[in-house]
Amino acid sequence: MTIIWEILVFMLGLCLSVQVVGALFSLIDLWSDLRRSWPVMARTILLWGGLASILTLMLGPYRSAFLWGMAAFMFLHIAFFYGYKRLFIRNRRLLEKEFRESNT
Amino acid sequence: MNVRILGLGEVGREDRAVAGGKGANLGEMVRQGFPVPPGFVVPAAACQAFFQHIGLGRELEGHNDLAPDDHERRCHVIRSLIEKAPLPAELSEAIMTAHAELIQNCDTEIRCAVRSSGTAEDLGEASFAGQHETYYYVGADRLLDMVKHCWSSLFSLEAVSYRATQRLDHGDVFMAVVVQEMIQSEVSGVTFTANPVTGDREEIVTESSWGMGAAIVDGRVTPDHYVFEREGLRLKEKRIAEKKFMVPPRLSQTTASRLQEVPHSLRLKETLSPDQARTVAEWAQKAENHFGCPQDVEWAMAGGRFYLLQSRPITIMGRQNITEGVEGQYVIFKPLIENFTDPVTPLTGDVVSLFFSPPLGCLVRGWPYLSLKYCKAVLPYQATDEELASLLYGMDVLKTNLKLFWLKLPLFLGLLLGGYLFFGVLLARTRRMPVGFMDRFRDLVRRTDADDKAGPFEMVKRFFSWSRYFDPIGNQAFMVNLGAVRYMFRMSLLRQLIRRWTLDLREDAEALLCSGAEGVLSAEMGRGIWDLAQEVKKSPKTRRILEAYQPEKVLAVLKDEPEAQEFLAHLGLFLEINGHRAFKEWELASIRWAENPAPVLGMVRNYLLIDSDPVEHERSMARSRRDLDAEIRRRLEKYPLEKAFRPRYRLICYIAERAKYFSRQRENSRFYYIMGFSALRKKILRVEAELLAAGKLKCRGDIFFLHLPEIDRLQSGRLEWSDVGVRIRERRLDHIRLSKMFPPKTIGVTFAEKQEDVEDQERDGKVLHGQPASPGEYEGVAHLILDPSISLELKPGEVLVAPYTDPAWTPLFLTAGAAVVEVGSYLSHAGTVAREFGMPCVVDLQNCTKLIHSGVIVRVQGDRGLVRIISRQGGQKA
């Protein structure tokens, strides 16, 4: 049963990390409109950051699974970003390849 | 070198080895008494002798084993060798003598057409269509050079690659050259003795335009279109196009662009009288009778005389040919098809495929399709290919009874989780953003546009992807658009809750609840055009000018009118905000409103015709929303806890608010990312101007028929006009042929059409079935608008019948009583706007632009997706 709980908590960490990262991005996204948007920004960061912190404190024996979930997402997130950039380069190479093939 | 130049009448269809395919064909027509312009043939033997004379055989050794890049270089060397070597005196004298005889009886100096006529053109299955050059406006001074250019076109990249694939030896292929008097035609065109699109042998199709035929043959103009019934040559259909460009009969500068603008008075004028159109069809029939198979006939008219320039067998291109050579199984991607009613040009295709190439979706011949192979691997259903295709096409999504395939479920859920992890941050970032958070995209476009180092690839990366980690979300309009797809889930949920809790509420309840969002930029654009119309109403002179002149010409007249300056200032402000928009705005070749505001002026004129006020319309919609809100509350009162806490009502309001938010985000993000397409077009036009100045391109608009690697190579000098000219022509023609067709719903797989459709149509022939997009019932006069840049005048209350719509069509919805559209889905632009305006709308009604003619009375039943043709009286073909 423990392992199932650990998997579930790990998944929870993954999903919550998505929200925390999204909330932190509001600093960048709303910076140009800070005067009007700071309440939304503060509320979002406090909500998701606070929830993650509270869960970390409350989860006791499952804390590490939760934190691993959050860390795993951070890794995936960065990997996705660079992977996505590679996709563009790959698509450009494909165009070049198709052109060369059509001329042989 | 003893070579005899042959008169056209001296060769016949058996002389292909001597005169080439084209020469033999023309000779045969001269012998049979067809009115072919006079001319002569420089036989293939002359080419062979010249190649021996310059020692070309040595140059060709080992050519078959070269690497692709070496091919380009080698072809360039061979072509230069042929073009620079002088012709032997005996041969050049013979050609010039024949030319002198050709022109001796003419009072005015005549120009010639110099046409390649390959001897390998009919070797088995090798067609060599369009791979060899033809030159027009050739005088005596350039004749010998142009003959050599025709010979050198045997070594264009296309021709060499094609021979390689056909395993033909480069040393065995020679070319005859036909030199003919160039008919300085007032009208010219092409006639097909069978419909080239449908393959119907009972129809004869003629396309004609002003000036020389090159404009039609090269696909640079939309011609007038005539369809005759073979039996009795009765005119069956006639469509007069707006002919903006022509290749004029006389041209002095050889390097200038051949295209000229057609005078405004001629643009919408019919090119052929009924008698002329019949004469053309009769000659085409005679050609078919002689050659024994359907013919594609090029003709010209000059000084009241008819000339037949060429006759060749038709390459019929029905729907099956669209999919020819396409491997795999695909289903059309309906939500996107309204952006791709015409297939995209090659350049747009490249740009789109840079950011739109996940394994699930791809462009097939310029249209968006879903790959059944990948969908099948992912979707957890136990289904045949046909059932899955039907599901993906969306005809039976709600009725589907496909069985779940439990073993595939973990994979499906895993992919959903992966999707969430990939897009989750994007979804979180766009969940609650203030109105106008994407305004910064305009600055991004301005900065990138000013950056000379940013090429097309860099621009695509900046505008359509998440290219920098710390980029604010406002700079990622296209990604925001992807995230806003949540709108449809909210709408679907809202529909189900309303149906469950408030039975028999009005059909458009959820659409009405989600309408009226503030800050929707396409709606503001519509209001902007309305404001411009109000500005015009203040000045009677401006109004008279707008009503008197065609939109294409009106701007020039307004500029000279002092009273119109105020209006022009407002127009300038409007274009500053909305100038990046266009009809078919995903297409890079589409001219933007900032470049030519004629479509905006047409819409302003359209608004002058109607009295209804959009503000009043918005007020009335707001009243309807309030009434609906009260009705929902009243009906929910019977449920427990509803009077005290109103949980169901609150839930409905929350979901409606979210649907409204994401719907606005979807519209606004599109407004901005289209700005990216517009900036990209500007950049590409700058590159084109450089290439035109360097002589590497000949006509404006050609660049859109090149691929990105070809543009790179033209810029770096690795390719020249001689390498790309034929490709551009072929792609233009292919694009035109495909644009006349409807993309097949599926490729490599079929599924059954809804039986009821067929039955109803067979029973009385008056009921057309499409897909419901906006509920309600409306009866009115149909008005077919194929191209809003030509015809924009929709009278109040008319039923708009259109091939597609996009945000640029929005103002027409204010005038229309209902809308019927050939493509699209519930979520497409037509449906969304029609629901916003509270009018019935039917989408995905294939061929509605052919089946419903302007002037007929139709009843549109939006909730059932039906269009009934009530009366055909008074109807006229558009």
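The table that follows gives values for the structure above.
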| item | result |
| --- | --- |
| A:Arg35 vs. criteria more than 21 Å from A:Met11 (Cα to Cα), more than 11 Å from chain B (Cβ to nearest Cβ) and without any contact (Cβ under 8 Å) to a residue 60 or more places away in the chain | yes |
| Residue among B:Glu14, B:Glu10 that alone is acidic (Asp, Glu), in contact with a helix residue (DSSP H, G or I) (Cβ under 8 Å, 6 or more places away or on another chain), outside the structural domain of B:Arg305 (by TED's automatic domain parsing) and surrounded by fewer than 16 Cβ atoms within 10 Å (Cβ to Cβ) | B:Glu14 |
| Matching option when the condition is out of contact with any strand residue (DSSP E or B) (no Cβ under 6 Å at 6 or more places or on another chain) and touching a residue at least 12 places away in the same chain (Cβ under 8 Å), among B:Ala644, B:Ala582 | B:Ala582 |
| Unique match (being surrounded by fewer than 19 Cβ atoms within 10 Å (Cβ to Cβ), of a type outside the set (Ser, Thr, Tyr) and at pLDDT 85 or above) among B:Asp385, B:Asp396 | B:Asp385 |
| Residue match in the stretch A:56-74 (condition: of a type outside the set (Phe, Trp, Tyr), within 7 Å of chain B (Cβ to nearest Cβ) and touching a residue at least 24 places away in the same chain (Cβ under 8 Å)) | no |
| Matching residues, the stretch B:586-623, being among the small types (Gly, Ala, Ser) and touching a Phe, Trp or Tyr at 6+ places or on another chain (Cβ under 9 Å) | B:Ala589, B:Ser590 |
| Answer residue from the stretch B:110-137, given it is at pLDDT 85 or above and surrounded by 23 or more Cβ atoms within 10 Å (Cβ to Cβ) and is farthest from B:Asp723 (Cα to Cα) among those | B:Cys112 |
| Which numbered condition B:Tyr374 misses (of (1) of a type in the set (Phe, Trp, Tyr); (2) at pLDDT 85 or above; (3) under 24 Å from B:Thr746 (Cβ atoms); (4) surrounded by 19 or more Cβ atoms within 10 Å (Cβ to Cβ)) | (4) |
| Residue count for the stretch B:445-487, restricted to those that are in contact with a Lys or Arg (Cβ under 7 Å, 6 or more places away or on another chain), of a type in the set (A, V, I, L, M) and within 13 Å of another protein chain (Cβ to nearest Cβ) | 2 |
| The stretch B:408-433: number of residues that are touching a Ser or Thr at 6+ places or on another chain (Cβ under 8 Å) and closer than 14 Å to B:Arg666 by Cα | 1 |
| Residue that is nearest to B:Gly139 (Cα to Cα), among those in the stretch B:188-216 that are of a type in the set (Val, Ile, Thr) and either free of Cβ contacts under 8 Å to residues at least 60 places away in the same chain or in contact with a helix residue (DSSP H, G or I) (Cβ under 8 Å, 6 or more places away or on another chain) (or both) | B:Ile216 |
| The stretch B:280-294, residues that are over 13 Å from B:Arg230 (Cβ atoms) and either among the aromatic types (Phe, Trp, Tyr) or crowded, with 21+ Cβ neighbours inside 10 Å (or both) | B:Val280, B:Trp283, B:Ala287, B:Phe291 |
| Among residues of the stretch B:508-541, those that are in contact (Cβ under 8 Å) with a residue 40 or more places away in the chain and either touching a strand residue (DSSP E or B) at 6+ places or on another chain (Cβ under 9 Å) or small (Gly, Ala, Ser) (or both), counted | 12 |
| Residue match in the stretch A:81-89 (condition: more than 8 Å from every other protein chain (Cβ to nearest Cβ) and either surrounded by 18 or more Cβ atoms within 10 Å (Cβ to Cβ) or farther than 30 Å from B:Met433 by Cα (or both)) | yes |
| Subset of the stretch B:419-444 [in contact with a Phe, Trp or Tyr (Cβ under 7 Å, 6 or more places away or on another chain), more than 8 Å from every other protein chain (Cβ to nearest Cβ) and among the aromatic types (Phe, Trp, Tyr)] | B:Phe441 |
| Checking B:Ala67 against (1) under 23 Å from B:Leu144 (Cβ atoms); (2) at pLDDT below 85; (3) small (Gly, Ala, Ser), the condition it does not meet | (1) |
| Helices (runs of 4 or more DSSP H) wholly inside the stretch B:417-536 that include at least 1 residues being over 30 Å from B:Leu568 (Cβ atoms) | B:456-464, B:477-483, B:486-501, B:509-513 |
| Every residue from the stretch B:360-370 that is within 20 Å of B:Leu416 (Cβ to Cβ) and crowded, with 20+ Cβ neighbours inside 10 Å | B:Leu370 |
| Yes/no for A:Val9 being more than 7 Å from chain B (Cβ to nearest Cβ) and either more than 13 Å from B:Arg431 (Cβ to Cβ) or at pLDDT 95 or above (or both) | yes |
| Residue, surrounded by the most Cβ atoms within 10 Å (Cβ to Cβ), within the stretch B:245-279, restricted to residues that are among the small types (Gly, Ala, Ser) and at pLDDT 85 or above | B:Ala277 |
| Failed item in (1) within 17 Å of B:Lys683 (Cα to Cα); (2) free of Cβ contacts under 8 Å to residues at least 24 places away in the same chain; (3) of a type outside the set (Phe, Trp, Tyr); (4) in contact with a helix residue (DSSP H, G or I) (Cβ under 8 Å, 6 or more places away or on another chain), with B:Lys453 passing the rest | (4) |
| Residue match in the stretch A:15-26 (condition: modelled with pLDDT of 95 or more, touching a Pro at 6+ places or on another chain (Cβ under 9 Å) and within 13 Å of chain B (Cβ to nearest Cβ)) | yes |
| Residues that are within 14 Å of chain B (Cβ to nearest Cβ) and either closer than 23 Å to B:Arg468 by Cβ or of a type in the set (Gly, Ala, Ser) (or both), drawn from the stretch A:38-55 | A:Met41, A:Ala42, A:Thr44, A:Ile45, A:Gly49, A:Ala52 |
| Yes/no for B:Leu168 being at negative phi, modelled with pLDDT of 85 or more and more than 14 Å from chain A (Cβ to nearest Cβ) | no |
| Among (1) more than 12 Å from chain A (Cβ to nearest Cβ); (2) charged (D, E, K, R); (3) buried (at least 16 other Cβ atoms within 10 Å of the Cβ) - the single one B:Glu327 does not satisfy | (3) |
| Residues being away from every other protein chain (no Cβ under 11 Å) and more than 20 Å from B:His149 (Cα to Cα) - total across the stretch B:709-726 | 2 |
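The values are calculated or read from the model by the stated rules, or taken from the named source; none is laboratory data. Computed from a prediction, not measured in an experiment: that's the story for all the values here. Counting neighbours? That spans all protein chains shown, and the Cβs are built from the backbone with ideal geometry, glycine included.
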